[in-house]
């Protein structure tokens, strides 16, 4: 049985309470504003939030922020009316009702708060720009794509841009891949997963096992155990193997063993498991002392890691590198990774005076 989300349960209780308060005010508000019914009232005020707020790009964390942005947008609209901000203009008339009657203002704030809570998941998510709303993973001839709103058009996969904001799961999480599946490059075919366990099996036995790295497999095993033990496995960020940073058609200049994308901030962090046998191996050592071999191997390794870090630094991606000594303790490495698998979203904690500014509006004379 799926675990209830306590935050969602609390929001639903708040929505119910707000609905009761809104209904208690409704008759008086209709009488004060002269609207014929609730539908007309809601269309005039609540229905305008998408007009007043840039909901495609704004990430809204709190009802207070939503209310503030609404009134700021409403005020911009009034200011843009110029000499037409007068009786008979629908925006101005709506404004007058709010300024003149405290009960209408109270109703509107309650209504907007409920709107925010009802649309919380969509409004509070940072949304990837279209060019970053798809990722490709794996080797060139065995690549898979993960998009937000995939559709096959003109013999290629793309996102349905108009639907990105409405995508319900957190981006780049287990829930994301269960909702969309992986797409196959240039083929109208998807690899779908029925449940978490089916995805984890594919992740470990197909995506990671192909690398041939015992270290990557050890981390993959711990990740699977971590997801299984989670109270909300679908909320866990993906541990992405061999993310193709340049897209499906660009040759790998460098690759990372694993990447995590924070579902709240969309920031990336990379993890590289790099024994010297992979990056510092030397040939032609027959006539060299062990000290010389070690020095040259270390220099090779450091040069290789410097190139890798510089490459990803240009893309704003920090990289954590684990070398031979680190790789002796897979549990410790995964403990570090766990910090990035349990992101916490911090509210902006901003104070707004938008309502006061809105009520102080004076039309030009």
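Scanning segment 57-74 for residues that are closer than 24 Å to residue 128 by Cβ and out of contact with any helix residue (DSSP H, G or I) (no Cβ under 6 Å at 6 or more places or on another chain), we see that the one that is surrounded by the fewest Cβ atoms within 10 Å (Cβ to Cβ) is 57. Within segment 101-132, the set of residues being assigned to a helix (DSSP H, G or I), modelled with pLDDT under 90 and surrounded by fewer than 19 Cβ atoms within 10 Å (Cβ to Cβ) comprises 121, 122, 130, 131, 132.
So, residue 61, is that one in contact (Cβ under 8 Å) with a residue 24 or more places away in the chain, outside any helix (DSSP H, G or I) and more than 14 Å from residue 355 (Cα to Cα) or not? Criteria met by residue 61.
In segment 204-217 there is at least one residue that is surrounded by fewer than 18 Cβ atoms within 10 Å (Cβ to Cβ) and closer than 29 Å to residue 153 by Cα. Only residues that are out of contact with any strand residue (DSSP E or B) (no Cβ under 8 Å at 6 or more places or on another chain), surrounded by fewer than 18 Cβ atoms within 10 Å (Cβ to Cβ) and assigned to a helix (DSSP H, G or I) were counted across segment 187-203, and they come to 3.
Selection of segment 345-359 for residues being touching a helix residue (DSSP H, G or I) at 6+ places or on another chain (Cβ under 9 Å) and either modelled with pLDDT under 50 or in a loop (DSSP other than H, G, I, E, B) (or both) yields 347, 348, 350, 351, 352, 353. Checked against the criteria, residue 269 counts as at pLDDT 70 or above, more than 21 Å from residue 214 (Cα to Cα), part of a strand (DSSP E or B) and in contact with a helix residue (DSSP H, G or I) (Cβ under 7 Å, 6 or more places away or on another chain).
Total residues in segment 133-178 satisfying the condition of being out of contact with any strand residue (DSSP E or B) (no Cβ under 9 Å at 6 or more places or on another chain) and modelled with pLDDT under 80: the figure is 6.
Considering only residues that are part of a loop (DSSP other than H, G, I, E, B) and crowded, with 16+ Cβ neighbours inside 10 Å, look in segment 222-253 and name the one that is modelled with the lowest pLDDT. Break it down into steps so the answer makes sense when it comes.
We begin by selecting, within segment 222-253, every residue part of a loop (DSSP other than H, G, I, E, B); these are 230-232, 236, 238-239, 242, 244-253.
This time we only want the ones that are crowded, with 16+ Cβ neighbours inside 10 Å, so: 230, 236, 238-239, 242, 244-245, 248.
On the way: 230: 93, 236: 95, 238: 97, 239: 97, 242: 86, 244: 77, 245: 73, 248: 64.
In this case the residue turns out to be 248.
The single condition among (1) part of a helix (DSSP H, G or I); (2) under 30 Å from residue 57 (Cα atoms) that residue 168 does not satisfy is (1). In summary, residue 297 fulfils each of the numbered conditions (1) buried (at least 16 other Cβ atoms within 10 Å of the Cβ); (2) at pLDDT 70 or above with the single exception of condition (2).
The values are calculated or read from the model by the stated rules, or taken from the named source; none is laboratory data. Values in this document were obtained by computation on a predicted structure and should not be read as measured data. Using ideal geometry, Cβ is built from the backbone for each residue, glycine included, and neighbour counts are taken over all protein chains shown.
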